[in-house]
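I have placed the structure first, in the form of structure tokens, so that the comments after it can refer back to it.
What follows is calculated from the coordinates using simple rules that are stated; it is not laboratory data. All of these numbers come straight from a predicted model, not from anything done at the bench. Backbone-built Cβ (ideal geometry, glycine too); neighbour counts: all protein chains shown.
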Amino acid sequence: MRHGRLPLILCFLLPPLAIYGIFVLSPYLQAFQISTTDWLGYSAQADQVGLANFRTLLHDGYVWNALKNNAILLVVVPVVTIALGLFFASMLTMGGRKGRAGVTGVRGTAVYRLVYFFPQVLSVVIIALLWKEIYSPTSGLLNGALRAVGLASPPAWLGDPRFAFWCVLAVMVWSNVGFYVVLFGAAMQAIPRDIYEAVLLDGASRATMLRKITIPLLWDTIQVAWIYLAIAALDGFILVQLMTNGGPNFSSDVIGLRMYDTSFGSENKFGYASAIGVAMFFLTLSVAVLALRTARRDRIEYS
Amino acid sequence: MTTVETGTPTAAVPRDAAPADRPPRRETGVANVFSHGFLLLWAAMTILPLAWMLLSSLKSNGEIIADPWGLPEALRFDNWARAWTNAHIGRFFFNSLVVVTGSLTLTMLLGATAAYVFARYEFRGRQVVYYLFVGGMMFPVFLALVPLFFVVRSVGLLGTWPGLILVYTAYSLPFTVFFLTAFFRTLPTSVAEAAMIDGCGHFRLFFRVMLPMARPGLISVGIFNFLSHWNQFLLPQVLIPGDGPNRMLAQGLSSLAVSQGYAGDYAQLFAGLTIAVLPVLVVYVAFQRQIQAGLTAGQLK
């Protein structure tokens, strides 16, 4: 039986490990090393500068400005997306007419799911470019509607530093909600119906049911959703780059765009960009750990 | 897009669960109108942008600027032709298709083989190698971006499809292996043992017995990987620099948007976007159940 065992392990394990080592592991390790140099890109010249990049980082107003926006995204996007997701999912799984059929969804649940989920399969590039046109001051869908209801001079949205960032944030929520409707919906399906029916017989309202039964039972899923949305919010790079490129006047800048611009955009400061990357890595990691810690509750198993 | 009606999942709920003599509730009617209103509103907010994109792709530039909400006077499919040939959307589409076919095949093959070894074979250091491998999921791609550019350049694959295919594969492997290892562990060992007793070799066992048994898991993670490769923008942006003809669809669309800013050809941009969306829409409607299941399973790791 042992014959042919070792060849299989080697054959099956070495190619993936090689690819992983070359293209994933080694760049990550190099990133930490590059972040301590003053490497300016395409020349080989790079000197060790220790933690100087990180010190510069601490006093870089542009980085802090971008981080502030990421912090807003980090709080607002998960809260709004999860709230909307839970609301729609509970409507779809148990918002239906009660009385004769127990707890069911509204009519057309499958159609709603089909529609809501669709933005999730679209490329972020398509979403960004489409919404950029929707927000367009003259030819956009949004201002077309606003003018139609009598607003003479609607705002320029992405061209206005007061709104640009929030416009991008709204798109982020728009593209994510459907996914969480389906995710929460699937988790809600797993909750035994008789729990709801018992609570309904006890005279609980729909809101109480959501707050006291559904959310506690869905806590694990919500926690995962929160981590994913938080990580997505720390990124947000593609949407911002394509919709506003961080503008106007850096009002919608995010840390990912800072890093991209510093390395492949207006500058080629690879050492400094890697330092931003390393800082982002620790930030992402702490957000994930924090989310897991603060959200920890006892797992409830249905038996 | 609402023509495909699949069985409502809630239909599985036992209908006889509620007592028939329960008094009707008065809140229900109001709440239903209210909640249905919100559901419809969100559905409209999802459909409207896409419908607008489709309509605008058939209008003239003058019509688009004059009245964003107006209907086209004539259906101008020449916008589509322009986007397809002048803006090379057709070629970029083909490029993406080739690269994703390659990267998906490679990811699934290498992912399944590695996962199988991790799940079914004991050897020294297995745990360490496994966690080293799967730990890659934790890192943001951003961190690797700068060194990755130089790694790919130094192996001579910068600006090439094989380079992109290898990189896509490398970054998808951690999750694929994680997911499939868990899946292979759930498969019964008795079938494998029976096959071995019948004289089936290790390699044959994998390709003829285990791989077919793992089909549901392979499909889930395959859909997940397909979408993430197809929608990739950051990696091609860095690894296929410049504006050559071998770029990916996402890059082509974004440069189409940039040139639209100068040329004012809105219709061409909308046509390009529509061409990019339509195949995704068709595949999505056809396989929506598998796609939703695959993606949600992907997130709940």
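Please compute, for peptide A:126-138, the average count of beta-carbon atoms on other protein chains lying within 10 Å of each residue's beta-carbon.
The shielding value for this peptide is 6.
Would you list B:W80, A:W39 from fewest to most Cβ contacts within 10 Å?
B:W80, A:W39
Which ³J(HN,Hα) values in Hz, rounded to whole numbers, follow from the phi angles of the range A:232-249 under the Karplus curve 6.51 cos²θ - 1.76 cosθ + 1.60, where θ = phi - 60° and Gly and Pro get x?
Using θ = phi - 60°, the values come out as 4, 5, 5, 8, x, 5, 5, 4, 5, 4, 7, 8, 10, 6, x, x, x, 6 Hz.
By counting other Cβ atoms within 10 Å of each Cβ, how are B:M213, A:M188 ranked from fewest to most?
B:M213, A:M188
Calculate the length of the line joining the C-alpha centroid of the range A:204-241 to that of the range B:195-224, in whole Å.
What the calculation gives is 36 Å, centre to centre.
Calculate the mean, over all residues of peptide A:143-154, of how many other protein chain Cβ atoms lie within 10 angstrom of the residue's Cβ.
What the average comes to for A:143-154 is 1.
Within 10 Å of each residue's Cβ, count the other Cβ atoms and sort A:Y28, A:Y112 from fewest upward.
A:Y28, A:Y112
Around A:T37, which amide H atoms from residues at least 5 apart in sequence, or from another chain, sit under 5 Å from its own amide H, with H modelled in the peptide plane?
Under 5 Å from the amide H of A:T37: A:V49.
Which angle between 0 and 90 degrees, to the nearest 10, do you get for helix A:270-294 versus the longest principal axis of chain A when only C-alpha atoms count?
The two axes meet at around 30 degrees.
Using a Gaussian network for chain A with springs between C-alpha atoms less than 10 Å apart, which of these wobbles most: A:N69, A:N143, A:N176?
Result: A:N143 has the largest fluctuation of those listed.
Pick from B:A250, B:A43, B:A112: which is most flexible by mean-square fluctuation in a GNM of chain B where alpha carbon atoms under 10 Å apart are linked?
Between B:A250, B:A43, B:A112, it is B:A43 that shows the largest mean-square fluctuation.
Can you give me the Cα centroid spacing of the range B:238-254 and the range A:149-173 in angstrom?
29 Å
Please say if chain B is rounded, prolate or oblate, where rounded means a/c under 1.5 for a ≥ b ≥ c the square roots of the C-alpha gyration tensor eigenvalues, and otherwise the choice is prolate for a/b larger than b/c and oblate otherwise?
oblate
For B:L71, what charge total do you get from the other residues with a beta carbon under 10 Å from its beta carbon, if Lys and Arg give +1 and Asp and Glu give -1?
Cβ neighbours under 10 Å give a net charge of -2.
For chain A, modelled as a Gaussian network with Cα springs under 10 Å, which listed residue fluctuates most, A:A52, A:A170, A:A18?
Looking only at A:A52, A:A170, A:A18, the largest GNM fluctuation is found for A:A18.
Which of the pairs A:K68/A:K212; A:K68/A:K269; A:K132/A:K212 have their Cα atoms more than 32 Å apart in this structure?
Exceeds cut-off: A:K68/A:K212; A:K132/A:K212.
Taking each residue of B:48-57 in turn, how many C-beta atoms of other protein chains fall within 10 Å of its C-beta, and what is the average?
Other-chain Cβ atoms within 10 Å of each residue's Cβ, averaged: 4.
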